[in-house]
Structure formats: structure tokens, C-alpha cells
Amino acid sequence: MAMTLRLTEEQERALALLAEAEGVSKHEAAVRAITDAAARRVRDDRVRALSAEGRQRYAALLERLAQ
């Protein structure tokens, strides 16, 4: 799917720096950044869910340990 990405001058410079640092085209740098951000979000959401589940499951034990 093709799309147009509109960037400010500052965002364009940041993308160019990222592409240069990774040794890839700006297109590839943008694709990687999107993929990495999505993976982090999914992973962070899963860690939060597991943490909440653990706190709920072990609430009584955690309460005793806090005393």
C-alpha cells in the first residue's frame, strides 16, 4: 500500500539522521521505526497485564511482606 508521509523539517532531519545511523534509506528507517514502536507497545502492554495479574494473584502475600 502506498501512502504519503508529511513531515516537518525537524522530523525530516531526524529521519535522515536515523537512516544515516542505520545505513539504510529514509523509507527503510521509517518502516523500521514503525515496526519497532508497534512491537514495543505490544510488549509493554503484555508486561503491564502480566504485572497486574501477578499483583492481584499475590495481593495477600505482598500485603504480608509489606508489614
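Structure above, values below:
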| read-out | value |
| --- | --- |
| Dipole of the stretch 22-66, positive direction: furthest Cα of TYR58, ALA33, GLY23, with charges on the beta-carbon | TYR58 |
| Within the stretch 27-67, backbone nitrogen closer than 12 Å to the virtual label 7 Å beyond the Cα of LEU18 toward Cβ | 27-38 |
| Computed over the chain, the ratio Rg/Rh where both radii use C-alpha atoms and Rh is Kirkwood | 1.33 |
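No lab work stands behind these numbers, since they all come straight from the coordinates. Predicted model only: the values in this text are computed from it and were never measured. For neighbour counting, all protein chains shown are included, and Cβ atoms are generated from backbone atoms with ideal geometry for every residue, glycine included.
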